[in-house]
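Beneath this line is the structure, given in structure tokens, with notes to follow.
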Amino acid sequence: MARVKFGKVTRARRKRWIKRAKGYYGTKHTNFKKAREQVIRSMAYAFVGRKERKRDFRKLWIVRINAAVRNYDLSYSKFMNGLNKAGVEINRKMLSELAIHEPQQFELLVNTAKKNLK
């Protein structure tokens with residue numbers, strides 16, 4: 001039986017993994033075995049990171065809204081409760097943007113929330 005040599009397909013497959021590992025430190029960007037392990041691990045971290053980024057931004061928006069609402073003698077939770085009772089459906093990202101760039105419009109929302117708390 002003929003011997004099967006290290007072929008083009010195998011080389012191409014390995015090169016794909018090594019190409020993905022470009023910029024990694026040490027043998028992780030040259031050694032196929034190490035590169036493959038690191039790329040798989042990196043993809044797992046990236047997957048988790050995409051989920052965490054959403055959490056981090058939501059936390060940031062909440063902190064910004066809370067800081068802006070404190071100027072009007074309200075807490076974040078009471079403010080959101082007031083908006084919900086008023087039937088105002090606006091997401092936290094837009095609320096934080098309003099608090100930063102449109103303070104007058106944000107004040108109207110705060111007054112609406114206060115009115116519906118009583």
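The numbers here are math on the coordinates, done by the rules we state, and not lab data. Please read all numbers here as calculations on a predicted model, not as lab measurements. Don't worry about glycine lacking a Cβ; one is built from the backbone with ideal geometry, like all the others, and counts go over all protein chains shown.
Hey, what number do you get for the chain at 222 nm if only DSSP H runs of n ≥ 4 count, each worth -39500 (n - 2.57), divided across all residues, to the nearest 500?
Taken over the chain, the calculation gives -25000 deg cm²/dmol.
Restricting to DSSP loop positions (anything but H, G, I, E, B) with no more than 11 other Cβ atoms inside 10 Å of their own Cβ, which GluC sites (Glu not before Pro) remain in the range 32-103?
E89
For Cα extents along the principal axes in Å, pick the label among (1) 40, 31, 23; (2) 89, 29, 20; (3) 41, 37, 25 that corresponds to the value derived from the coordinates.
Of the labelled values, this structure produces (2).
Rounding to the nearest 10 and keeping the result within 0 to 90°, find how far the Cα-based axis of helix 103-117 lies from the longest principal axis of the chain.
The angle comes out near 70 degrees.
If you place +1 on the Cβ of every Lys and Arg and -1 on the Cβ of every Asp and Glu, how big does the dipole about the Cα centre of the chain come out, in debye to the nearest 20?
1740 debye
Starting from the Cα-Cα distance between R58 and Y72, subtract it from 0.36 nm times their residue separation and give me the gain in nm to one decimal.
The span from R58 to Y72 would gain 2.9 nm if fully extended.
Using Cα atoms only, what is the angle between the long axis of helix 32-70 and the major principal axis of the chain, expressed in degrees (0 to 90) to the nearest 10?
The angle comes out at about 10 degrees.
By the scheme Lys and Arg +1, Asp and Glu -1, what is the net charge of all other residues having a beta-carbon under 11 Å from that of L109?
Values: positive: K114, K115; negative: E102, E107.
For residues surrounding L109, the net value is 0.
Trypsin sites (Lys or Arg not before Pro), restricted to the range 21-58: which are DSSP loop and have at most 14 other Cβ atoms within 10 Å?
For trypsin sites (Lys or Arg not before Pro) across the range 21-58 that sit outside H, G, I, E and B with at most 14 neighbouring Cβ atoms in 10 Å, the list reads K22.
Once you've got the Cα coordinates, tell me which of K54/K115; K59/K115; K93/K114 are over 24 Å apart.
With Cα atoms farther than 24 Å apart: K54/K115; K59/K115.
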